[in-house]
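The values are calculated or read from the model by the stated rules, or taken from the named source; none is laboratory data. Keep in mind that this is a model prediction, so the values were computed, not measured. Neighbour counts are summed over all protein chains in view; Cβ atoms, including those assigned to glycine, are modelled from backbone coordinates with ideal geometry. Ligands, DNA and RNA are excluded from the accessible area calculation, which covers all protein heavy atoms including side chains. Shrake-Rupley method; radii C 1.70, N 1.55, O 1.52, S 1.80 Å.
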Amino acid sequence: QTCQHFEPTHHFNINPITMSSTVDPNTFLDQPPNLRANDYFLLHFADNRQIFAQAVPYKRSKSFPPCKINKRTYSTHNLIGLPYGTVLEVGRDELIPLPEGEDLLPDESDITQMIEQQQQSTVMAVDGSKKNDSDAAAVDVATAAKTDDTATSAATKEEEEEPTKDNDNESNTETTVPSSKKIIDNRNLIDDNTSQTLTQTQVHTLLSTQTPGSTIVAALISNSSTFSSKTAFSQAKYVKRKQLKYQPRCRIVRITPSTLCSAMHLRDARKICNLREDTLGQVLSNANICAGQRVLVVDTAVQGIITASCVRRMGGYGSVLSLYCGQQPGYLDVVNRMNFTVMEKQALKWIAFGEVFGDYDEKKRQTERLLKEEESGEIVDVEKRDRDLIEWPASLQPHTRRYLTEDVKNEKKVSEFLSKRSARF
């Protein structure tokens, strides 16, 4: 009877046949569909460039730009909340999100419509100017017509008397080609930089006035005297080249082990020992990396890609022990770009090489000394004891003192040098 009135706090949908429960997926492992604040992401361009960026909720100084494209810094606070896969257009001062369905290369139909509108406007302007000039030239045409009547009448008489042999010869020599079968190729094109009527200063003024990139591309096409005589393939190649230059677009991509490895391989493959994403997958598969494992990783040669991939693949269950040289890991920025959750960060442990491959006898003496101190009731901080042995201010080496006294004679530079040296030690 008590079991019948029991109401559990967690409700599960239990199948009475298989007695299996369907539970919601673990929220700790779910990747957010939208870009969050302070998350790192990748920007994929149409020319195969890949740039790392960070979604900063405020404008950061120029010394630490969240996004840098073509030597210009852009703020990313307006990108927070956008879904991954959104296409952005690189404007003059900001990244402009485009509606859903847009691609990295703009549609050529929009540019053709703009060109047709520009041509119609120019034709209307020419027709208007002709109508204004026709009234002024009507009197001259009327007077000239009277004088030409007498001359034309005499000329027609002479032409009637002449034989028609010349006309027959001309008709035989001409090769009439139908307009539908006329061959269009690039044999008559000469690259002498005279086909474009727009000057460089005019293009710079359009860029400085924040003119849309599609308008600039349409203006370049309409002012090109050789665009209509090119083949369809050459026209498409010309439009694509101008769009990549004056209408650049990029896509927001989530950072995963695969995209991280491909981006770093594209930037400088030598720094990661030419590690490709397929090789990374084979390493993780052959090492049997899965949840609940305890993994020891040494990847100082590949900038921490394997460490980050192991943490992401294990999902926060288990532990990853990563060995490093020096005072701290040199690839923390690469690992932090993976946007780890709290559980995944707790699963990653950093261990120095000295703790694993250090002098065993020295470690044994230190532990014995600590045990003796604990037995006597006096627990001494070993690091504090080492710090107390250091003499401060530390005396300069002879060559450093000689450099400061003989070579550097400015007191300001000497103080800057000493402050930097003291900050290091």
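For segment 327-340, backbone phi angles converted through the Karplus equation (6.51, -1.76, 1.60; θ = phi - 60°) give residue-by-residue couplings of 7, 8, x, x, 10, 5, 5, 5, 5, 5, 6, 7, 6, 5 Hz, Gly and Pro being listed as x.
For the Cα trace of segment 250-332, dividing Rg by the Kirkwood Rh returns an Rg/Rh value of 0.97.
For segment 259-298, the calculated P(r), taken from all Cα-Cα distances in 5 Å bins from zero up to the bin holding the longest distance, is 6, 22, 24, 21, 17, 9, 2 percent. Using a probe radius of 1.4 angstrom, the carbon and sulfur fraction of the accessible surface of segment 208-293 is 51%.
Place the peptides 307-318, 407-418, 202-213, 288-299 in order of packing, highest mean first, counting for every residue the other Cβ atoms within 10 Å and averaging per peptide. Walk me through the intermediate numbers first.
Details: 307-318: 22.1, 407-418: 11.0, 202-213: 13.1, 288-299: 15.2.
Going from most to least packed, we get 307-318, 288-299, 202-213, 407-418.
Looking at segment 189-232, the accessible area is 59 square angstrom per residue; that uses a 1.4 Å probe and ignores ligands, DNA and RNA. 3J(HN,Hα) along segment 42-56, derived from phi through the Karplus expression 6.51 cos²θ - 1.76 cosθ + 1.60 where θ = phi - 60°, amounts to 10, 10, 9, 9, 6, 8, 6, 7, 9, 10, 7, 8, 9, 7, 9 Hz, with x in place of Gly and Pro.
State in Å² the accessible area per residue of segment 292-378; use a 1.4 Å probe, count heavy atoms of protein chains only, and round to the nearest integer.
Numbers: 5170 Å² over 87 residues.
Result: 59 Å² per residue.
Note that segment 201-208 has calculated 3J(HN,Hα) couplings of 5, 5, 5, 5, 5, 5, 5, 6 Hz, one per residue in order, obtained from phi through the Karplus relation 6.51 cos²θ - 1.76 cosθ + 1.60 (θ = phi - 60°); glycine and proline are x.
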